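J.: Following this message is one structure expressed as structure tokens.
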Amino acid sequence: MSASDLIAAYLSISQFETSVELTKNKFNGLSLNESEDSYSLRKQKETESIFGTNEDQSNEIKKYLALTPSIESLKSTNDSLADRTYLVSNNITAADISVFQSLYPLMKSMSDEDRVKYNHFSRWFDLIQNSIPLETLSSFGLDPIKMNLVSKPSSLPIASEASTTEPNLRVGRIVKVDKHPDADSLYVEQIDVGEPEPRTVVSGLVNYIPIEEMQDRMVITVCNLKPAAMRGIKSYAMVLCASLPNPETGASSKVEFIEPPADAKPGDRASFAGFENIEPESLLNPKKKIWEAIQPGFITSDEFVAGWMDENKVHHVLNVNGSPCKCKSIAGGPMK
């Protein structure tokens, strides 16, 4: 059966559940916080949003509907999901359902190590398969795939380039922050990293950190990744955060900044213990996948200290001027 059949089945279930909820409330004499008509209208809008709420979203969904199943498609989807929960909107759309079905065979054939390698895609995939009723998945031959998304490969894939190259981690101060004009889940920040001008950075933190807690915040930034356009705005760095994965969905249930020590100032370098003498390149070569090789080992300790876990399970603390960087309360949390 095609992706359009799966989308139709998902819509039917959603509409049926709305009808059941209204009937149960009537039967039990329960009152909703909103009128039945407005409740039905809201649920109808949620259902209609599966095809996009504006022309830009609809066009983006159409591109995903035409996606050709391949490892290249999976890689590009993984990159797109770095700062997104869903592919197009803040909720599930036809794009998510279509790409899920299209790339299901690739995900099923992957090893745990490969799934960790494409961690953004794997997190999203697990969220989508848990959003569609089990009976519907089974009827389409899409039995849920068991994944341990918080586990790390038994031997981290540290390439020879990675052993002589570090990400350029710098202390930054958020001097300005606004909501992204075209994406409800994204902030657009101006971050002082000790350069003549602040860097524009786009972060998917709206659902986790209030905007008033963003302003003037001291953070750790990754400054030598390839700039990436996020909904039309190019991002020139990444803010490093620790996350607490939801074991059921794989999505982050809690996100906190990795914070530099109190005496740090914008532009100060952050480096992992034992790798202080390695000079970072101005730009990590995306073709060599150095970031993808190192990042799965970024994790906080039981004491909330940021660090990198090597293949021998040694936790190299992330320091600025000899003092450790930490998050507030997430232990054993992946950092990205």
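J.: For a footprinting-style exposure proxy, rank Arg231, Arg115 by other Cβ within 10 Å, fewest first.
T.: Arg231, Arg115
J.: Mind checking the full-extension length gain between Phe140 and Ala331? Use 0.36 nm per residue of separation minus the Cα-Cα distance, one decimal, nm.
T.: In short, 64.9 nm is gained.
J.: Something else: Work out from phi, with θ = phi - 60° and the Karplus expression 6.51 cos²θ - 1.76 cosθ + 1.60, the ³J(HN,Hα) of each residue of the stretch 281-293, listed in order in whole Hz, and give x for Gly and Pro.
T.: In residue order, the calculated couplings are 6, 5, 8, 5, 5, x, 6, 8, 6, 5, 4, 5, 6 Hz.
J.: Amide H to amide H, which residues 5 or more places from Met309 or on other chains are under 5 Å from it, using H placed in the peptide plane?
T.: Phe298, Ile299, His316
J.: Suppose each label sits 7 Å from its Cα in the direction of the beta carbon; what would the Ser58-Leu283 distance come out to in nanometres?
T.: Roughly 3.7 nm, to one decimal.
J.: In addition: Can you pull the one-decimal nm distance between simple spin-label points at Asn130 and Asp178, each 7 Å off the Cα toward Cβ?
T.: 3.6 nm
J.: Right, another one. Where the centroid of each part is defined by its Cα atoms, how far is the stretch 255-323 from the stretch 51-66 in Å?
T.: About 37 Å separates the Cα centre of the stretch 255-323 from the one of the stretch 51-66.
J.: Put a dot 7 Å past each Cα toward the Cβ at Lys254 and Ala273; how far apart are the dots in nm?
T.: Label at Ala273, label at Lys254, 2.4 nm between them.
Only the coordinates and a few stated rules stand behind these numbers; no lab work does. Note that the structure is predicted; figures quoted are calculated from it, not measured. Positions of Cβ are generated from backbone atoms using ideal geometry, with glycine treated the same way; all protein chains shown enter the neighbour counts.
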